[in-house]
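I have placed the structure first, in the form of structure tokens, so that the comments after it can refer back to it.
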Amino acid sequence: MPEVFVQGTDVHFQDTLKRLPRTIVFLHGAGGSHHTWRDQWAGLKGVARLVIPDLPGHAGSLGSPKDTVEGYADWLADFVKETGLGKFILAGHSMGGAVALQAALSRIEGLEALILAGTGAKLKVSPVIFDGIAGRFKEFAPELVEWMMARSSDQLLREDITRDVLSTRPSTFAADFRACDAFDVRGRLGGIDVPTLVIVGDDDRLTPLKYSEFLATNIRGAVLKILHDAGHVAMLEKPTGMNNVIASFVHSLE
């Protein structure tokens with residue numbers, strides 16, 4: 001993976017480096033990594049240049065995780081400058097979607113469009129999640145994954161995602177969920193003025209359909225796409241559907 005220094009620390013990220021008309025920067029959610037978007041990395045290389053960083057303190061990136069969405073958005077602005085991306089589409093999942101919203105509201109330079117997957121304008125976190133991470137992380141991880149996935153999801157995928165969760169430090173999850181819990185831009189969505197695609201699984205129990213409906217209703221011109229039999233990690237549960245929706249949106253920008 002390429003490396004770049006952002007805010008004094010080493011950042012690992014994937015980059016197809018293809019010269020295509022569009023660039024998509026993908027942001028993972030709380031406790032995640034570039035691995036969240038592995039099926040998009042495999043399936044969208046002909047659609048756009050793909051750039052997928054590990055946020056600070058996650059996976060291969062050094063430093064400490066931020067404990068505010070604003071902190072991650074500031075970091076993102078520096079990452080974009082250090083990598084010289086120019087114009088780009090910002091795609092964020094869950095907490096990454098919150099970061100994308102905050103970046104758009106902060107007028108991050110070069111932003112062409114937004115893709116918001118399994119996220120919301122407010123991301124209240126249940127005390128049960130904070131208690132599970134703090135007190136019994138190893139035992140709690142399968143329970144968290146159960147909430148993350150559609151009830152019909154494949155067992156092997158559940159086990160794979162559970163391994164991903166357990167590979168992350170509990171303190172990283174705690175910082176990310178604190179950032180989510182404090183996030184609320186419900187009254188500011190009218191300030192977003194770029195084309196926006198909102199994607200949600202119809203069995204998402206962490207950021208339910210009503211969250212995405214609120215985004216689509218309050219962001220001018222936003223398009224809502226619902227992936228059936230998908231939960232909070234729809235990009236992994238229904239990768240072909242996710243890729244088709246993203247590809248169609250990117251092509252519509254031309």
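The values are calculated or read from the model by the stated rules, or taken from the named source; none is laboratory data. Everything quoted here is computed from the prediction, not taken from an experiment. Neighbour counts run over all protein chains shown; Cβ positions are idealised from the backbone, glycine included. Remember, those area values only see protein heavy atoms, side chains included, never the ligands or the DNA or RNA. Shrake-Rupley method; radii C 1.70, N 1.55, O 1.52, S 1.80 Å.
Which of the residues spanning segment 216-244 are open to solvent by 30 Å² or more (accessible area, probe 1.4 Å), within 21 Å of L101 (Cα to Cα) and touching a Leu at 6+ places or on another chain (Cβ under 9 Å)?
T217, N218, R220, V223, L224, K225, I226
Out of all the residues in segment 186-208, which are farther than 13 Å from N218 by Cα, open to solvent by 30 Å² or more (accessible area, probe 1.4 Å) and touching a residue at least 12 places away in the same chain (Cβ under 8 Å)?
D202, R205, L206 - these are the residues of segment 186-208 that are farther than 13 Å from N218 by Cα, open to solvent by 30 Å² or more (accessible area, probe 1.4 Å) and touching a residue at least 12 places away in the same chain (Cβ under 8 Å).
I'm told S153 meets every condition in (1) closer than 27 Å to L253 by Cα; (2) touching an Asp or Glu at 6+ places or on another chain (Cβ under 9 Å); (3) open to solvent by less than 80 Å² (accessible area, probe 1.4 Å); (4) not in a strand (DSSP E or B) except one. Can you identify the failing condition by its number?
(1)
Yes or no: segment 124-147 includes at least one residue that is open to solvent by 30 Å² or more (accessible area, probe 1.4 Å), under 17 Å from H93 (Cα atoms) and either among the small types (G, A, S) or not in a helix (DSSP H, G or I) (or both).
Yes - at least one qualifying residue is present in segment 124-147.
Counting only residues that are of a type in the set (V, I, T) and closer than 12 Å to L144 by Cβ, which one in segment 161-185 is surrounded by the most Cβ atoms within 10 Å (Cβ to Cβ)? Working first, answer last.
Our first condition is that a residue be of a type in the set (V, I, T); within segment 161-185, this holds for 161-162, 165, 168, 172, 185.
Next cut, closer than 12 Å to L144 by Cβ only: 161-162, 165, 168.
Working: I161: 23, T162: 18, V165: 18, T168: 21.
For segment 161-185, the residue satisfying everything is I161.
Regarding segment 229-247, can at least one residue be identified that is in contact with a Lys or Arg (Cβ under 8 Å, 6 or more places away or on another chain) and free of Cβ contacts under 8 Å to residues at least 60 places away in the same chain?
yes
Among the candidates A216, A175, single out the residue that is under 25 Å from P65 (Cβ atoms) and in a helix (DSSP H, G or I).
One residue alone meets the criteria, A175.
Select, from V145, V185, V194, V165, the only residue that is touching a Leu at 6+ places or on another chain (Cβ under 7 Å) and under 21 Å from S33 (Cα atoms).
One residue alone meets the criteria, V165.
With the structure loaded, tell me whether L105 is open to solvent by less than 50 Å² (accessible area, probe 1.4 Å) and closer than 23 Å to L227 by Cβ or whether it fails that test. First the steps, then the outcome.
Values: open to solvent by less than 50 Å² (accessible area, probe 1.4 Å): yes; closer than 23 Å to L227 by Cβ: no.
Here the answer is no, as L105 does not meet what is asked.
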